Amino acid sequence: MEKKRQLTILFAEDNDGDAYLLEERLKESGLANPVLRFKSGVEVWNFFSGKSEPCFEPGKAYLLVSDIHMPGMDGIELLQRVKADPRLKSIPVIMHTSSEDPADKAVCRELGCSEYLIKHEIFKETVALIKRRVFYTGEGGGVPERPKRNAD
């Protein structure tokens, strides 16, 4: 029987509070996939370029969830680089941002993002989208069974 690949979630977010909220929502949802958090687009690009440890492994399944406004390299430049790189262009990218600017949304859509979500308003929706991506690809870490509660 062939073993399914487990999807690794790459999360680019410079704001510790926002990162904490999304990571907590992912845990609460029961996702058991590994999450690697980066604080800038530069850190993510170093991961993809093999300049950091851990680093990108060809053949491994990834999902990138990225903020737009980050120091160094912003999320739009990161998205552009990912979609221009033949090794990376098939990686789904969810933009998870505070930017409600229609121009940002249009650029991200044009560059090939899978989803564009406004954070703070939709953390639950973001988790639901990540879960759908994980299970749609068949590369999920699985959702552990929740312990049954005794009726008191």
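The values are calculated or read from the model by the stated rules, or taken from the named source; none is laboratory data. These numbers come from a predicted model, not from an experiment. Note that we place each Cβ from the backbone using ideal geometry, even for glycine, and neighbour counts take in every protein chain shown.
Tabulated values for the structure
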item: Hits in region 118-136 - residues which are of a type in the set (A, V, I, L, M) and either modelled with pLDDT of 95 or more or buried (at least 18 other Cβ atoms within 10 Å of the Cβ) (or both); result: 127, 129, 130, 134
item: Residue that is surrounded by the fewest Cβ atoms within 10 Å (Cβ to Cβ), among those in region 20-33 that are out of contact with any Phe, Trp or Tyr (no Cβ under 7 Å at 6 or more places or on another chain) and assigned to a helix (DSSP H, G or I); result: 28
item: Meets criteria (free of Cβ contacts under 8 Å to residues at least 60 places away in the same chain and closer than 21 Å to residue 132 by Cβ) for residue 51; result: no
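Quick grid of which residues meet (1) among the hydroxyl-bearing types (Ser, Thr, Tyr); (2) under 21 Å from residue 132 (Cα atoms); (3) modelled with pLDDT of 90 or more; (4) surrounded by 16 or more Cβ atoms within 10 Å (Cβ to Cβ):
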site: 6; (1), (2), (3), (4): no, yes, no, no
site: 40; (1), (2), (3), (4): yes, no, yes, yes
site: 61; (1), (2), (3), (4): no, yes, yes, yes
site: 96; (1), (2), (3), (4): no, yes, no, yes
